[in-house]
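Below is one structure, written out as structure tokens, with a few remarks after it.
All of the numbers you see were taken from the coordinates with simple rules; none came from a lab. The model shown is predicted, which means the values in this text are computed figures rather than measured ones. Backbone-built Cβ (ideal geometry, glycine too); neighbour counts: all protein chains shown.
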Amino acid sequence: MTFTVDDAPWWTGAVVYQIYPRSFQDSDGDGIGDLRGVLQRVDHLADLGVDVVWFSPLYRSPQDDNGYDISDYQDVDPLFGTLEDLDAVVEALHDRGIKVVMDLVVNHTSDEHPWFVESRSSTDNPKRDWYWWRPARPGMQPGTPGAEPTNWASFFSGPTWEYDEATGEYYLHLFSRKQPDLNWENPEVRQAVYAMMRWWLDRGVDGFRMDVINLISKAVGPDGSLADGPATTGALGDGSGQYMHGPRLHEYLQEMHREVFDGRRAGLLLVGETPGATVEDGALFTDPSRRELDMVFTFEHVGLDHGPGGKFDPRPLDLRDLKAVLGRWQAGLADVGWNALYWDNHDQPRIVSRFGDDGEYRRESATMLATVLHLHRGTPYVYQGEELGMTNAHLRSFDAYRDIESLRYVQETRALGHTSDDRLLAGLAAMSRDNARTPVQWDASPQAGFTTGEPWLPVNPNHRSVNAEAERADPRSVFHHYRRLIALRHDDATVRLGDFTMLLPEHPHVYAFTRELDGDALLVLGNFSGDEQRVDVDATWDGAEVVIGNVDDPAVPHGGLVRLAPWEGVVLRRVAGAATGG
Ligand code: ISL
């Protein structure tokens, strides 16, 4: 096992809470959340009991991708406040024993970052090589369709290359055209990033969540060439083989570790966002002896409901797939490395609407999903509002959407005439990132206590019943369930470190596993359906003690048989002696 009770790092017992500042709490009535707003809500976080807060980007930004396009890494965007406001928030959180992790977005900058402004100014500018500039395809007229240097498709639809008239070349942007990719091949770029990271650590932050960190190394030939990927839609192709887990990725991460973290490691948290990573990649990133990252976010489990047409063409989840994927990550990182555990973040639809039932069984399914996730081995992440059982936005018209990924997808798909508006809207309603981005629902008042103004994205009308005030008042609520799960991880070594064994992998509706440490054993059962489910565990669990449940009369096995109520989630502890079967 990677870690034992004696040598496990602090974050094996920690729970992280993600704040998406624009949607958390507004203090000045402009309809956009801000740092003074966060200050008003720090006690909510302390009451929940989380150990770390990760802030999505607060830096200066033109907000083309809500702050994931940064124009100054060492300042706070005026939308959110000032550096002094941030200091005050960090202090308030530290006072409550909560660490602060910053988003680190260094695969790309904003096109308005001074580095890029210089880089684009001329072909011989000293910063020209800080980004990926390439001429048009040989024999093609620059700026014409198909003349892009490679056929790669952007994450946000369309090509990854933007033609820049001023110098007659293209620059690479894996995301929007306002997010040019930094050239990590250039050592000056890397040193500038490391210096910025040290500056933040010196200011007192406790680590980084590293945005698409597995895209920073591109496969570039000795002559500077970049290769096409296999064709996908129209003229475009999938370039991920050329920029995902590129040849120098691990070298860069190890260099970053040496340059930034060595000598000040204790108490920090380094988590990488790694779309497309396999469990083998995960082990390489998080093997402590390789000195790269503490944990990474896998995307496999949140891709299982993507249909043949991609994420906006969703299909129902087959629970067996979810168990296979998460079980594989548990097994693959059992002896080396560590998992980051999540259902929600600012890019994903709300889990209770996605894998649960956000109607009749909202409370039951939200608490069951939380129970299953938090009982895995790894560090759980809670995304703002998840602890309130917040649901998808259920937006009904194209105009209501703000997210660049959704808007670009609509534009592109309509231009290609690929699908009907009804299907497009249904895809957005299920999968758009805006589902996660509606304002946090604090109370039943007209704007849910989020703002006194007009919110940048509408408040979900269900805030009249689904809100923090109501959740806090009800001991059975989703909020109190999360609070108990977080406390359980703090108190229970088996939850933190116990070995994981998946049970019933072929059952279509029940998620079941055990955790075991030094003779102590927990059984976790989750009913992913609105029907009662009867399953056979084994008789050693008869009469087991209920550690945490989400219904009035939690399921306990008799003769090895257990009956789970709709969306029931329960954790049982084997009573000493029963395991012998005698
Ligand atoms: O949300 C996605 C689309 O389905 C993902 O592909 C997402 O774009 C990818 O996981 C990278 O996400 C991160 O980097 C993006 C930013 O838009 C996301 O918000 C961020 O989490 C570019 O910085």
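Within segment 426-439, does at least one residue satisfy the condition of being more than 16 Å from the ligand (Cβ to nearest atom), hydrophobic (A, V, I, L, M, F, W, C) and either in a loop (DSSP other than H, G, I, E, B) or buried (at least 17 other Cβ atoms within 10 Å of the Cβ) (or both)? Within segment 426-439, none of the residues are more than 16 Å from the ligand (Cβ to nearest atom), hydrophobic (A, V, I, L, M, F, W, C) and either in a loop (DSSP other than H, G, I, E, B) or buried (at least 17 other Cβ atoms within 10 Å of the Cβ) (or both).
Considering Asp287, Asp305, Asp318, which residue is on the phi < 0 side of the Ramachandran plot and touching a residue at least 60 places away in the same chain (Cβ under 8 Å)? Explain how you work it out, then say what you get.
Numbers: Asp287 fails: touching a residue at least 60 places away in the same chain (Cβ under 8 Å); Asp305 fails: touching a residue at least 60 places away in the same chain (Cβ under 8 Å).
Of the residues listed, the single one that is on the phi < 0 side of the Ramachandran plot and touching a residue at least 60 places away in the same chain (Cβ under 8 Å) is Asp318.
Only a single item in (1) away from the ligand (no atom under 16 Å from the Cβ); (2) in a helix (DSSP H, G or I) is not met by Arg22, and it is number (1). Tell me, yes or no, whether segment 138-154 has at least one residue that is under 25 Å from Tyr381 (Cβ atoms), under 24 Å from the mean Cα position of the chain (by Cα) and not aliphatic (A, V, I, L, M). Scanning segment 138-154, I find no residue that is under 25 Å from Tyr381 (Cβ atoms), under 24 Å from the mean Cα position of the chain (by Cα) and not aliphatic (A, V, I, L, M), so the answer is no. Scanning segment 44-84 for residues that are in a helix (DSSP H, G or I) and either without any contact (Cβ under 8 Å) to a residue 40 or more places away in the chain or among the β-branched types (Val, Ile, Thr) (or both), we see that the one that is surrounded by the most Cβ atoms within 10 Å (Cβ to Cβ) is Leu83. Could you tell me whether segment 450-461 includes any residue that is touching a residue at least 40 places away in the same chain (Cβ under 8 Å), within 25 Å of Glu568 (Cβ to Cβ) and not in a strand (DSSP E or B)? Looking for residues that are touching a residue at least 40 places away in the same chain (Cβ under 8 Å), within 25 Å of Glu568 (Cβ to Cβ) and not in a strand (DSSP E or B), one finds none in segment 450-461, hence no. Can you give me the number of residues within segment 266-305 that are out of contact with any helix residue (DSSP H, G or I) (no Cβ under 9 Å at 6 or more places or on another chain) and in a helix (DSSP H, G or I)? The qualifying residues number 3.
Counting residues in segment 329-342 that are within 16 Å of the ligand (Cβ to nearest atom) and not in a helix (DSSP H, G or I) gives one or more.
Residue by residue through segment 172-193, note down the ones that are away from the ligand (no atom under 16 Å from the Cβ) and closer than 16 Å to Arg134 by Cα.
Of all residues in segment 172-193, those away from the ligand (no atom under 16 Å from the Cβ) come to 183, 185-192.
Passing the criteria: Asn183, Glu185, Asn186.
Is there a residue being in a loop (DSSP other than H, G, I, E, B) and buried (at least 24 other Cβ atoms within 10 Å of the Cβ) anywhere in segment 85-105? Checked against the condition, which is being in a loop (DSSP other than H, G, I, E, B) and buried (at least 24 other Cβ atoms within 10 Å of the Cβ), segment 85-105 yields at least one hit.
The condition of being within 16 Å of the ligand (Cβ to nearest atom) and of a type in the set (A, V, I, L, M) does not hold for Leu503. Against the condition away from the ligand (no atom under 16 Å from the Cβ) and either surrounded by 19 or more Cβ atoms within 10 Å (Cβ to Cβ) or within 23 Å of the chain's Cα centre (by Cα) (or both), how does Met210 come out, does it pass? For Met210, the condition - away from the ligand (no atom under 16 Å from the Cβ) and either surrounded by 19 or more Cβ atoms within 10 Å (Cβ to Cβ) or within 23 Å of the chain's Cα centre (by Cα) (or both) - is not met. Restricting segment 440-458 to residues that are surrounded by 23 or more Cβ atoms within 10 Å (Cβ to Cβ) and among the aliphatic types (A, V, I, L, M) leaves a set whose member that is nearest to the ligand (Cβ to nearest atom) is Val440. One residue is enough: does segment 290-301 have a residue meeting the conditions at positive phi, buried (at least 21 other Cβ atoms within 10 Å of the Cβ) and either among the hydroxyl-bearing types (Ser, Thr, Tyr) or in contact (Cβ under 8 Å) with a residue 40 or more places away in the chain (or both)? The answer is no, given that none of the residues of segment 290-301 is at positive phi, buried (at least 21 other Cβ atoms within 10 Å of the Cβ) and either among the hydroxyl-bearing types (Ser, Thr, Tyr) or in contact (Cβ under 8 Å) with a residue 40 or more places away in the chain (or both). Of the residues making up segment 359-388, those that are outside any strand (DSSP E or B) and in contact with a His (Cβ under 9 Å, 6 or more places away or on another chain) are Arg363, Ala366, Thr367, Ala370, Thr371, Gln384, Glu387.
Could you say whether any residue in segment 243-256 is over 26 Å from the mean Cα position of the chain (by Cα), of a type outside the set (S, T, N, Q) and either loosely packed, with under 15 Cβ neighbours inside 10 Å or closer than 24 Å to Phe175 by Cβ (or both)?
Keep residues of segment 243-256 that are over 26 Å from the mean Cα position of the chain (by Cα), which gives none.
There is no residue in segment 243-256 that is over 26 Å from the mean Cα position of the chain (by Cα), of a type outside the set (S, T, N, Q) and either loosely packed, with under 15 Cβ neighbours inside 10 Å or closer than 24 Å to Phe175 by Cβ (or both).
For segment 512-527, a residue qualifies if it is within 25 Å of the chain's Cα centre (by Cα) and over 15 Å from Gly378 (Cβ atoms), and the qualifying residues are Ala512, Leu525, Gly526, Asn527.
Looking at segment 137-233, the strands (runs of 3 or more DSSP E) lying wholly inside it that each contain 3 or more residues that are closer than 30 Å to Phe261 by Cβ and touching a residue at least 60 places away in the same chain (Cβ under 8 Å) sit at 207-210. Can you name the residue in segment 257-287 that is surrounded by fewer than 15 Cβ atoms within 10 Å (Cβ to Cβ) and not hydrophobic (A, V, I, L, M, F, W, C) and, of all such residues, is nearest to the chain's Cα centre (by Cα)? Of everything passing the filter in segment 257-287, Glu280 is nearest to the chain's Cα centre (by Cα).
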